[in-house]
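Below is one structure, written out as structure tokens; the observations come after it.
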Amino acid sequence: MDFLTTSEAADYLRLGERKLYELVTTGAIPCSKVTGKWLFPRHELDLWVLSGLARPAGMIAAEPPPIMGGSQDDLLEWGLRESGSGLASLNEGTGRGLERLQRNEVIAAAVHFHSLDASDNLAGDANVAALRAATDLHDAVLVGLVRREQGLVLPAGNPKRLHNLSEVLALGAKMAVRQEGAGAQMLLDVLLKRAGASPKELRRLETPCLTGPDLAAAIRAGHADCGVASRAAARSAGLDFVPLVWENFDLAMRQRSYFLPPMQALIRFLGERRLRQRAEELTGYDPSPAGQIRFAA
């Protein structure tokens with residue numbers, strides 16, 4: 001993260017230092033006091049300037065509805081409620097959430113992309129790569145929420161003794177799957193490719209599950225032997241879990257939306273101790289990235 005001193009920030013914004021101190025005093029500009037000195041994150045200054053950007057009437061974009069699209073997550077759902085953000089959720093998966101964000105149909109999208117090119121451990125920066133590739137999101141911001149554990153969700157007691165995808169394929173176990181474009185489905189596709197297997201080799205539950213909890217419910221009901229979802233989803237349903245990977249679970253939004261009151265309420269809450277405590281209770285979360293800007297276009 002690039003920090004500017006007071007004089008550097010004043011030069012960067014083309015303001016006098018006196019005026020900059022006035023903005024600091026009134027809390028009107030993003031800054032942080034470290035060992036008695038004010039520091040200004042450059043990317044936050046960029047967002048601050050863009051938040052007040054004036055456009056001709058024909059160019060003004062309507063504010064998106066206060067809806068968090070994208071992937072479902074237990075910790076995020078709790079955070080939306082507890083933060084008092086007033087944001088509703090629309091859980092349709094990572095890919096669909098990003099599409100809605102591009103069409104200005106949601107204020108933000110919860111995403112966890114996976115790609116063979118991301119990194120050796122699958123977690124990488126696939127989320128950043130996806131935003132860079134989204135040409136309609138030239139003003140995108142990616143705010144970290146958590147790193148999240150994904151793996152095989154299994155019936156209590158793991159009766160088929162499944163410990164990895166190779167055993168799922170070898171035993172012909174029936175696997176509950178997610179819809180195309182869901183982050184968990186992207187992960188499964190990557191794992192299959194790395195194993196040298198084809199999706200056609202899987203014995204699938206016919207109807208895709210819309211969310212992780214839906215997948216867990218299908219396994220608990222005996223409709224499938226396993227599936228890929230988060231540890232929190234497995235624990236909530238009282239099911240067994242075999243870890244496969246830690247992933248970045250982030251919030252994608254436009255720069256102008258970052259400063260809207262509902263998003264600011266949620267982002268402020270991400271830094272609270274209560275969120276870390278809840279993450280520990282739910283299990284399978286590392287909340288250290290919460291509230292950090294991981295990418296800004």
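Of the residues making up the stretch 136-193, those that are over 23 Å from the mean Cα position of the chain (by Cα), polar (S, T, N, Q) and at pLDDT 95 or above number 1.
Looking at 268, 274, 294, can you tell me which residue is among the basic types (Lys, Arg) and closer than 20 Å to residue 74 by Cβ?
Details: 268 fails: closer than 20 Å to residue 74 by Cβ; 294 fails: closer than 20 Å to residue 74 by Cβ.
Answer to the selection: 274.
Counting only residues that are open to solvent by 10 Å² or more (accessible area, probe 1.4 Å) and β-branched (Val, Ile, Thr), the stretch 191-223 holds 2 of them. Among the residues of this structure, residue 92 does not count as one that is within 18 Å of residue 256 (Cα to Cα), open to solvent by 10 Å² or more (accessible area, probe 1.4 Å) and at pLDDT below 95.
For the stretch 141-153, which residues satisfy the criterion of being under 25 Å from residue 269 (Cα atoms) and crowded, with 22+ Cβ neighbours inside 10 Å? Lay out the reasoning, then the answer.
Residues of the stretch 141-153 under 25 Å from residue 269 (Cα atoms): 141-150.
Of everything in the stretch 141-153, those that are under 25 Å from residue 269 (Cα atoms) and crowded, with 22+ Cβ neighbours inside 10 Å turn out to be 141, 142, 143, 145, 146, 148, 150.
If you go through the stretch 68-89 and keep only what is crowded, with 18+ Cβ neighbours inside 10 Å and either farther than 17 Å from residue 249 by Cβ or out of contact with any Asp or Glu (no Cβ under 8 Å at 6 or more places or on another chain) (or both), you end up with 68, 71, 72, 73, 74, 75, 76, 79, 80, 83, 85, 87.
Only a single criterion out of (1) among the hydrophobic types (A, V, I, L, M, F, W, C); (2) out of contact with any Pro (no Cβ under 6 Å at 6 or more places or on another chain); (3) under 18 Å from residue 89 (Cβ atoms) is not satisfied by residue 233, namely (2).
Only one of the numbered conditions (1) within 18 Å of residue 243 (Cα to Cα); (2) crowded, with 16+ Cβ neighbours inside 10 Å is not met by residue 156, and that is (2). Counting only strands (runs of 3 or more DSSP E) that fall entirely inside the stretch 191-297 and contain at least 2 residues that are in contact with an Asp or Glu (Cβ under 8 Å, 6 or more places away or on another chain), without any contact (Cβ under 8 Å) to a residue 40 or more places away in the chain and more than 26 Å from residue 143 (Cβ to Cβ), no element qualifies.
Residues of the stretch 168-190 that are basic (Lys, Arg) and either open to solvent by 30 Å² or more (accessible area, probe 1.4 Å) or more than 22 Å from residue 126 (Cβ to Cβ) (or both): 174 alone.
Among residues of the stretch 31-62 being modelled with pLDDT of 70 or more and basic (Lys, Arg), the one that is most open to solvent (accessible area, probe 1.4 Å) is 37.
The values are calculated or read from the model by the stated rules, or taken from the named source; none is laboratory data. Keep in mind that what you see is a predicted model, and the values were worked out from it rather than measured. Ideal geometry is used to build each Cβ from the backbone, glycine not excepted, and the neighbour counts take in all protein chains shown. Heads up: the accessible areas ignore ligands, DNA and RNA and are worked out on the full protein's heavy atoms, side chains in. Shrake-Rupley method; radii C 1.70, N 1.55, O 1.52, S 1.80 Å.
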